[in-house]
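Comments concern the structure below.
The values are calculated or read from the model by the stated rules, or taken from the named source; none is laboratory data. On a predicted model such as this, the values are computed, not experimentally measured, just so you know. Ideal geometry is used to build each Cβ from the backbone, glycine not excepted, and the neighbour counts take in all protein chains shown.
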Amino acid sequence: MEYDAAMFFASIVLLLPVLAVAGLVFLLLRWLRFVPRGRAGIPAYGLIALGGYALVFLASAYQMLVSDPAMLQKKYLGQTYGTPLTLRSYEHSGFQDPNDEWIYRLAPDVAAGLRRRCLPGFHDPGQCHLFYGEDERWIASAWLEGDMLHLQDGLH
Amino acid sequence: MTDAKRQTLFLAGAAGLGVLALLAGAWFFWLSGSVHLLFTGSALLLVAAGTFHWWKRRAAVPTGPEAPGSADRL
């Protein structure tokens with residue numbers, strides 16, 4: 001729900017830039033004769049603006065589901081173990097203190113290899129903690145539950 | 001390339017972007033349960049592309065007395 005609210009807010013903030021860029025793209029495409037002149041060009045402007053929104057949200061989905069978790073795994077675990085194809089769940093919570101959680105289903109041999117790196121000092125039954133870090137603002141952790149790799153990163 | 005071909009390319013590009021966005025939106029929904037605005041935006045994009053195409057075709061087909069075969073119909 002927090003994600004929906006954040007995206008709705010982003011879509012309002014992005015309205016004017018999207019409409020302005022769509023106007024420039026529209027003029028370029030009309031000059032290149034990819035869109036008709038006159039009244040028939042009006043729906044084409046709407047199409048271009050909607051296409052701009054689609055591109056913005058495609059980019060944000062790529063960032064949230066592919067590039068950010070890959071970068072965080074590399075930073076916290078030294079390597080990217082979970083891939084977009086093994087991603088099973090994603091949750092975004094918080095508004096001013098956003099928090100993201102990704103859950104991957106790892107291959108059994110990959111999970112077994114990671115289990116050898118469990119951090120000492122954590123005694124949650126069934127969990128193997130691989131990384132934990134926090135400061136006064138940021139908090140992150142990675143742990144295994146069975147073959148499921150959990151990755152959390154956010155602010156508090 | 002004719003203008004008609006260029007405009008068909010433009011509409012095909014818009015529809016392709018809509019399909020891509022719908023697929024990404026479906027993946028996002030499966031993972032998070034959240035309805036990404038991609039769903040709304042891309043569905044609108046597809047509907048708009050289809051409507052625009054239909055409207056342009058309709059505008060291009062002559063329907064008056066000058067239309068081919070209209071004399072036979074009369």
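Observations on the structure shown:
- The lone exception for residue A:25 - which of (1) within 12 Å of chain B (Cβ to nearest Cβ); (2) surrounded by 14 or more Cβ atoms within 10 Å (Cβ to Cβ); (3) closer than 30 Å to residue A:150 by Cα it fails: (3)
- Residue A:59 being within 17 Å of residue A:10 (Cβ to Cβ), of a type in the set (A, V, I, L, M) and loosely packed, with under 13 Cβ neighbours inside 10 Å: yes
- Residue in the range A:19-28 that is in contact with a Phe, Trp or Tyr (Cβ under 6 Å, 6 or more places away or on another chain) and more than 29 Å from residue B:30 (Cβ to Cβ) present: yes
- Residues in the range A:33-45 that are surrounded by 13 or more Cβ atoms within 10 Å (Cβ to Cβ) and either at positive phi or under 10 Å from the mean Cα position of the chain (by Cα) (or both): A:33 alone.
For every residue, the table says whether it meets (1) touching a residue at least 60 places away in the same chain (Cβ under 8 Å); (2) under 20 Å from the mean Cα position of the chain (by Cα); (3) closer than 30 Å to residue B:43 by Cβ.
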position	(1), (2), (3)
A:47	no, no, yes
A:56	no, yes, yes
A:62	no, yes, yes
A:71	no, yes, no
A:83	no, yes, yes
A:97	no, yes, no
A:104	no, yes, yes
A:114	no, no, no
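- Filter result for residue B:18 (at the interface with chain A (Cβ under 7 Å from one of its Cβ atoms), at pLDDT below 70 and assigned to a helix (DSSP H, G or I)): no
- As a summary of the residue check, residue A:153 satisfies the conditions (1) more than 23 Å from residue B:33 (Cβ to Cβ); (2) charged (D, E, K, R); (3) modelled with pLDDT of 95 or more except for the one numbered (1).
- A count restricted to the range A:111-147 and to residues that are buried (at least 17 other Cβ atoms within 10 Å of the Cβ) and either touching a Pro at 6+ places or on another chain (Cβ under 9 Å) or closer than 19 Å to residue A:74 by Cβ (or both) stands at 11.
- Helices (runs of 4 or more DSSP H) contained in the range A:38-156 and holding at least 3 residues in contact with a helix residue (DSSP H, G or I) (Cβ under 6 Å, 6 or more places away or on another chain): A:41-62
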